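Below is one structure, written out as structure tokens, with a few remarks after it.
The values are calculated or read from the model by the stated rules, or taken from the named source; none is laboratory data. Values in this document were obtained by computation on a predicted structure and should not be read as measured data. Neighbour counts are summed over all protein chains in view; Cβ atoms, including those assigned to glycine, are modelled from backbone coordinates with ideal geometry.
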Amino acid sequence: MSNMTPTREPSEVARRTHQAVASDEAVTVSLYQSQAKIYARAVTGFFTNWRWFFVWATQIVFYGLPWLSLHERQAVLFDLEARRFYIFNLILYPQDFIYLTGLLIISALSLFLFTAVAGRLWCGYACPQTVYTEIFMWIEHKVEGDRSARMRLDKHTWNANRAVRKATKHGLWLLVALWTGATFVGYFTPMRDLMGSVVTNALGPWQTFWVIFYGFATYGNAGFMREQVCKYMCPYARFQSAMFDKDTMIVTYDENRGEPRGARKKSDDPSELNLGSCIDCTMCVQVCPTGIDIRNGLQYECIGCGACIDVCDEVMEKMGYARGLVKYATQNGMANGWSKAQMLRRTLRPRVLVYTSILVLITVALFTNLFLRDPMRVDVIRDRGALARMVEKGWVENVYRLQLMNATEQTQHYAVHIQGLDGAVLTADDDGVFAVLPAELRAVAVAVRVPPMSHAPGSHPLQFVVRALTDTGTDGGSVTESSTFVMPR
């Protein structure tokens, strides 16, 4: 793993620090290294097409889901006020938090698995920071031009052309950012109601705050901070090397083939000039969204997007050289001269198999539990104000509150019974049959009575059996919850 440590050219700060340590002088080192603005050149190619595929796929899902309707409600809605989460036909309550925990574990294991196999795939193709940066850079490219045009525009003094282009770019950025913020809020407030409030200028303070907050975050991160988020804010870049090994597919520069690098004419024979295939055009640096030079080796700033592969292949084709000077490869593959097929065969190694096995087991367990999950939930809460009381004819009574949760889209009727306590009688409204509306959490009070002197003082176990009744009055399933009955001394 030691040779997987990210390498890069030593900075001026590092040189000054080394000199200061050698001479026992005090030196102040900033944790943030300022740098020139990165002007990424537009690029086309196989991996660029894949990045745009994920841009479209993720944003169609993100922007489209809040507009889908199901059972006369929003298909995906996290209703915090009502404490219900609707995911198509699935209705979850706060008590179902374990499922969210399972999803987070699955997401983490998936990230570990993808990273062990092919490096930072998530960062390069589907991370929201990457996706929105791509969208904002596309807008910038369309409004201000490609790399050289943007550099000239920024160096030019302010005039009408520069002002119009800058205003247009930032206006479009703000529209995308605010629409993104509104869509985010639309997952917690019904989207159609939210848009109606925007049109009528009746947006509440909570919705206004989060639309502006999330919109501002999108505008700042994708428009201005960009690679700084990946370098300084994202922790994944710092611990990614712990999941790499020598058989991880990473973006790699073929140093044996490329060096020594140097400029030449297309008609020149590199062997006669004692040069490698790299013509030192720096195009791989110009297209990199984080501004690194992949020829310096693996660096923690590399997000594995493959832009340098696409542009290098294009240059190689123009020069009449073979593609693949920069490519996805493994350290073992480069060291041993393996073919792509040989490197892919090393995918099924112990680390990957362990990640895959654990991921499959947890995923199957989670979704099996969800599929078999009873749509009826019952919680029994004792009346803490009066553990036991005497009623008519000397009978002893305990009062309970039952919380009946209906996780279906239809009104359900639940019949409540008790068992496990000899001589006990249940008293409740409607003869112990309660109607619970769709996706409703209803609290009902019931009392349990026993004859005088029928049980010894102290607590005695009993069970509440709640049965779901079908339209024909038959049993549609039941839930049993345990509690205790207190006899006074």
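The table for this structure:
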read-out: Verdict on G385 being crowded, with 16+ Cβ neighbours inside 10 Å and without any contact (Cβ under 8 Å) to a residue 24 or more places away in the chain; value: no
read-out: Single condition T363 does not satisfy, out of (1) of a type in the set (S, T, N, Q); (2) assigned to a helix (DSSP H, G or I); (3) outside the structural domain of A116 (by TED's automatic domain parsing); value: (3)
read-out: Among (1) assigned to a loop (DSSP other than H, G, I, E, B); (2) buried (at least 17 other Cβ atoms within 10 Å of the Cβ), the one test that M453 misses; value: (2)
read-out: Contacts under 7 angstrom Cβ, first residue in the range 145-164 being in the same structural domain as V287 (by TED's automatic domain parsing) and assigned to a helix (DSSP H, G or I), partner at pLDDT below 95 and loosely packed, with under 13 Cβ neighbours inside 10 Å, 6 or more apart; value: R162/H156
read-out: Residue list for the range 173-215, restricted to those being within 21 Å of the chain's Cα centre (by Cα) and aromatic (F, W, Y); value: W179, F184, Y187, F188, W210, F213, Y214
read-out: Pairs with Cβ under 6 Å, 6+ apart, first in the range 232-245 and in contact (Cβ under 8 Å) with a residue 60 or more places away in the chain, second among the small types (G, A, S) and buried (at least 16 other Cβ atoms within 10 Å of the Cβ); value: M243/A116
read-out: Filtered residues of the range 233-261 (kept if small (G, A, S) and in contact with a Cys (Cβ under 8 Å, 6 or more places away or on another chain)); value: A237, G258
read-out: Selected residue (criterion: nearest to D374 (Cα to Cα)) from residues of the range 405-448 that are in contact with an Asp or Glu (Cβ under 6 Å, 6 or more places away or on another chain) and surrounded by fewer than 19 Cβ atoms within 10 Å (Cβ to Cβ); value: P438
read-out: Top-ranked residue of the range 86-98 - restricted to ones that are surrounded by 12 or more Cβ atoms within 10 Å (Cβ to Cβ) and over 15 Å from R377 (Cα atoms), ranked as farthest from the chain's Cα centre (by Cα); value: Y86
